[in-house]
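What follows is a short report on a single structure.
Quick note: the coordinates plus some simple rules give every number you see, no bench work behind them. Note that the coordinates shown come from a computational prediction; the quantities given were computed from them, not determined experimentally. For neighbour counting, all protein chains shown are included, and Cβ atoms are generated from backbone atoms with ideal geometry for every residue, glycine included.
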Amino acid sequence: MSDEKEKDQNKKYDAGQIQVLEGLDPVRKRPGMYIGSTSARGLHHLVYEIVDNSVDEALAGYCRNINVTIKEDNSIDVLDDGRGMPVDEHPKMHKPAMEVIMTVLHAGGKFGEGGYKVSGGLHGVGASVVNALSESMTVESMRNGHIYRQTYSRGKVTSEMTIVGDCGNKTGCHVIFKPDTEIFDDTVYSFDTLQARLREMAFLNKGIKISLEDERAGKKKKEVYHYEGGIKEFVAFQNKHKTPIHNSIIYFEAQKKDREVEIAMQWTDAYSENIYSYANNINTIEGGAHLVGFKAALTKVFNDYGRKSKILKDKDPDIEGDDIREGLTAIVSVKLTEPQFEGQTKTKLGNADMRTLVDQVTKEDLMAFLEENPSQAKIIVDKCVRAGRAREAARKARDLARRKTALDSTSLPGKLADCSEKDPALCEIFIVEGDSAGGSAKEGRDRKTQAILPLRGKILNVEKARLDKMLASDTIKDMITAFGCGIGNEFNVEKLRYHKIIIMSDADVDGAHIRTLMLTLLFRHMPKLIEDGYVYAAQPPLFRCTVGKDMRYTYSDAEQEKTLAEMTKQYPGKKIDIQRYKGLGEMDAQQLWDTTMDPAQRTLVQITIDDVARADQIFTTLMGDKVPPRKKFIEENAQYAELDF
Ligand code: 1YM
C-alpha cells in the first residue's frame with residue numbers, strides 16, 4: 001500500500017466514528033424487517049451484505065479480488081484483499097472495532113458523518129445482521145502483518161479477538177458464516193441465484209474480480225466474473241441472443257462531486273424495451289429520478305437530431321419516447337452518497353438532482369455520438385420512425401376493436417365464468433388450459449370468489465409480435481378484457497378485477513410452454529401485475545395413491561416416493577392403487593377442487609421478478625427467434641420442473 005493510501009486510511013477510519021445504535025436482539029426477533037424475508041431471498045441476502053462490504057472496499061480503491069465459496073455444509077466463505085476490517089479499540093466501548101462492527105446494529109464508520117457507503121444492498125444493514133442470523137460466524141482481518149480472528153454465534157461473541165498468525169504484508173478480510181436453521185425455512189444456497197447477483201456486481205463495478213465456487217458434493221464448479229468494460233459488457237451480455245441493428249455499444253460516464261453516472265446502450269431488432277437502472281449497485285426496479293432524466297433526454301436528443309439531420313421531415317410528427325425505446329437495451333447506473341430510496345419496494349431513487357445530472361450527461365454525450373456516427377444514427381432513427389408507424393397502426397386497430405366493444409370491460413368475454421364477488425381483493429381468476437379442464441374447473445370452483453377463463457390451444461407468442469398483432473388475437477383480447485386493467489399506455493392496475501391471476505396448466509412440457517407464453521405476455525405488457533404480486537401458478541398433483549378410503553395426492557416425484565414408503569409401512573401387504581395424472585383434464589370437478597383450487601388445501605407459487613435482467617434473458621432465449629440458444633437452454637434446464645424467475 002502506498003504511503004498516501006496509508007495516511008488516507010488513517011484519516012478515513014477512526015474507531016470513534018462508528019455510530020452506536022443498538023444490540024442484535026431485534027434482528028433475531030423480526031428478521032424480515034432487516035433482510036426482507038426469511039425465505040430463499042433473505043437467505044441469499046446474507047451473502048450480498050457481506051460482499052457489499054468488500055465491494056465498498058473495492059470502490060474506495062483498496063480491493064480488487066473477492067472470492068465467494070459455498071462450502072460443503074452450505075456455509076458461505078467470503079475473502080477479499082482490501083485493507084482488512086479495523087481491529088483497534090473502540091474509544092467508548094473499549095472493545096475491538098471488529099467486535100463492534102459484528103455485534104452492534106448499524107455500527108460502521110460508513111453510517112457516520114463523512115462516511116461513504118456505496119454498495120449497501122437493498123436493506124443495507126451490514127455484517128452485524130448477518131451475524132445475528134448465523135448459527136456460527138468467523139471473521140478474520142489481515143492487517144498490520146497479523147491475522148486477527150474472532151468467532152460468534154447468533155450475534156453473540158464466542159471467543160475474544162486474538163492474533164492467530166502472521167500474514168506478512170498481505171491485507172484483507174475473511175468472513176465465514178453458516179445461516180441459522182432456527183431462522184431460515186431452507187438454508188440451501190443456490191449457485192444460480194448467487195451467480196446472477198455477483199455477475200451483476202462485477203458488471204456494475206468494472207475491474208473488480210469476483211469468483212464464485214461451489215464445493216458441495218455433486219455441484220462442484222467455479223466461475224470468475226471480471227469485466228474491464230463494466231456495463232458496456234453488461235449490455236453485450238444482455239444482447240447476446242438478440243440481433244443488434246448497429247455496431248457500437250454507446251457508452252458514456254460523468255462525475256460531479258460525489259455523484260457518478262454511467263450509461264451504456266445499444267438497439268436490437270426486438271420489440272421490447274430493456275432499460276435497467278441502478279443506484280449504488282441496487283437495481284431500481286421502480287425507476288426514479290435517474291431514469292426519468294435518461295428517458296427525457298433520449299426523446300429530446302432523437303427529435304433534435306432527427307430534425308437537424310433531416311431524417312425526420314418537416315411534415316413528420318415528433319418521435320415518441322416509446323418508439324425510441326423499442327428494442328433498446330440500456331444500463332443506467334448512478335452512484336451517490338446519501339441515496340433516497342422510495343416506493344413500495346424501496347427501489348425508486350428519489351434524489352431529484354440525479355434527474356438533472358443524467359439528463360445533462362445524456363443530452364451532451366448521446367448527441368455527440370449520433371453526430372460522430374451518422375450511419376449508425378440513421379439506422380436507429382429509421383427504426384424509431386418505423387416503430388412510430390406501427391404504434392399508429394396499433395392505435396387504429398385498438399380503436400376499431402373498442403368500437404366493436406371487444407376491449408370494453410362492460411362486455412366480458414363469453415367464455416369467462418365470472419365470480420359473484422365484486423371486491424377485487426377477494427377475487428381470483430383461473431386461466432385454464434383446455435376446454436375439458438375448463439369445464440371441471442367451472443363446476444368445481446367456489447362461484448363467489450373464483451372466476452374461470454378457459455383458453456383453447458396455445459396463446460400467441462408476443463415476443464415475436466407487436467401490439468397491433470397481439471390485439472388481433474381473441475385469446476389475448478379475452479384475457480385483457482377479463483382482467484379489466486387495459487394494456488400499453490392505457491394500463492391501470494387499479495382497475496384489475498382479480499387480485500389473484502392463477503395460471504393453471506398441465507404438469508407436463510406443453511403445460512410449461514403455455515405457462516411460459518402467458519408469463520411472456522404478462523412480463524412484456526403488464527409487468528406491474530407480476531411486480532405487485534398478483535400472478536400465480538397453480539400446482540396440480542402428479543399422482544393419487546389410494547388404499548381403501550385413504551387417498552393422498554402428491555405433487556413431486558420426491559413426495560410420491562415418500563408417500564409410497566409411508567403407505568407401504570402403514571398398510572403392509574395391501575395393494576396401493578396409483579393414478580398418474582397426465583393432465584388437468586383427467587381430474588373431475590371434485591378432484592380439481594380438492595387438489596388444486598381449494599384455498600385451504602392448495603399450494604400456489606407466486607411469480608416474482610427477482611432478477612428482471614435474468615427474466616428478460618430467459619424470455620428472449622425461450623421466445624425469441626434464435627434457435628440454437630433456445631435448444632441449449634432447454635437441454636440444460638430440462639431436468640428442472642419449473643423456470644426459476
Ligand atoms: C469479506 C467481507 O468486510 N471487508 C472490509 C470491511 C471494512 C473495511 C475493509 C474497512 C473500511 C474502512 C476502513 C472505512 C469495514 N470497515 C468497517 C468500519 N469483507 C469486509 N474491508 N478500513 C477498513 O470504511 O473507513 C465496517 S466494514 F466500520 F470500520 F468502517
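Extents of segment 176-241, taken as max minus min of Cα coordinates on every principal axis and listed largest first, are 42, 25, 25 Å. Shape index of segment 218-335: Rg/Rh, with Rg the Cα radius of gyration and Rh the Kirkwood radius from the inverse mean 1/r over Cα pairs, equals 1.04.
How long are the semi-axes of the ellipsoid equivalent to segment 449-584, from square roots of 5 times the Cα gyration tensor eigenvalues, in whole Å, largest first? The answer is 39, 15, 12 Å, longest axis first.
For the listed peptides 432-441, 360-369, a ranking on the average number of other beta carbons within 10 Å per residue, highest first, reads 432-441, 360-369. The Cα-based radius of gyration of segment 288-340, divided by its Kirkwood radius, gives an Rg/Rh of 1.10. Run the reach check for Lys242 against lysines, Cα to Cα strictly under 25 Å, same-chain hits fewer than 8 apart removed. What comes back? Counting by Cα, and skipping residues close in sequence, Lys242 has these lysines nearby: Lys206, Lys232, Lys295, Lys378, Lys383, Lys458, Lys464, Lys469, Lys528, Lys626, Lys631, Lys632.
Legend: translational diffusion of segment 250-312 by Stokes-Einstein, Rh = Kirkwood radius over C-alpha pairs, 4 °C, 1.567 mPa s; D = 95 µm²/s. Distance between the 7 Å Cα→Cβ label points at Glu228 and Leu426: 6.5 nm.
Stretching the chain fully between Ser153 and Lys221 yields a gain of 21.6 nm (0.36 nm per residue, less the alpha carbon separation). With distances taken between every two different alpha-carbon atoms, segment 324-482 has a Kirkwood hydrodynamic radius of 20.3 Å. Here segment 413-483 and segment 134-162 have alpha carbon centers that stand 57 Å from each other.
With neighbours defined as other Cβ atoms within 10 Å of a residue's Cβ, the residues Tyr571, Tyr305 order from fewest to most as Tyr571, Tyr305. If you take all other residues with their beta carbon under 12 Å from the beta carbon of Ser39, and give Lys and Arg +1 and Asp and Glu -1, the sum is -2. For segment 551-616, the average shadow cast by the Cα convex hull is 6.8 nm², which is a quarter of the hull's surface. In terms of its alpha-carbon gyration tensor, segment 467-534 comes out oblate; a/c meets the 1.5 threshold, while b/c is at least as large as a/b. With one equal scatterer per alpha carbon and no solvent term, the Debye-computed log10 I(q)/I(0) for segment 150-264 at 0.14, 0.21, 0.24 1/Å reads -0.92, -1.22, -1.32. Residues His90, His146 in ascending order of nearby Cβ atoms (within 10 Å, fewest first): His146, His90. Calculate log10 I(q)/I(0) of segment 124-191 for q = 0.20, 0.23 Å⁻¹, where I(q) comes from the Debye formula with a single equal point scatterer on each Cα and nothing for solvent. One equal scatterer on each Cα of segment 124-191 leads to -0.82, -0.96.
Entry for the chain at q = 0.06, 0.07, 0.12 Å⁻¹: log10 I(q)/I(0) = -0.40, -0.54, -1.34, Debye formula applied to identical alpha-carbon scatterers, no solvent contribution.
Annotation note: trypsin sites (Lys or Arg not before Pro) in segment 193-267 located in DSSP loop regions with a Cβ neighbour count of at most 14 within 10 Å are Lys219, Lys220, Lys240, Lys257. Approximating the spin labels as points 7 Å out from Cα along Cα→Cβ, the Tyr271-to-Ala589 distance works out to 3.9 nm. Using the Cβ atoms and a cut-off under 13 Å, what net charge is assigned to the surroundings of Lys178, where Lys and Arg are +1 and Asp and Glu are -1? Every neighbour counted, the sum reads -4. Each Lys or Arg adds one and each Asp or Glu subtracts one; over the other residues with Cβ under 13 Å from the Cβ of Glu135, this totals +1.
Per-residue ellipticity at 222 nm from helix content only, as computed over the chain with -39500 (n - 2.57) for each DSSP H run of at least four residues, stands at -11000 deg cm²/dmol.
Expressed per residue, the C-alpha convex hull volume of segment 548-587 stands at 73 Å³. Each of Ser54, Ser153 was scored by other Cβ atoms within 10 Å of its Cβ. Listed from fewest to most, they are Ser153, Ser54.
The alpha-carbon atoms of segment 268-378 define a convex hull whose volume equals 111 cubic angstrom per residue. Peptide packing for 161-169, 553-561, 33-41 was compared via the average number of neighbouring C-beta atoms within 10 Å per residue; ordered from the highest value, the list is 33-41, 553-561, 161-169.
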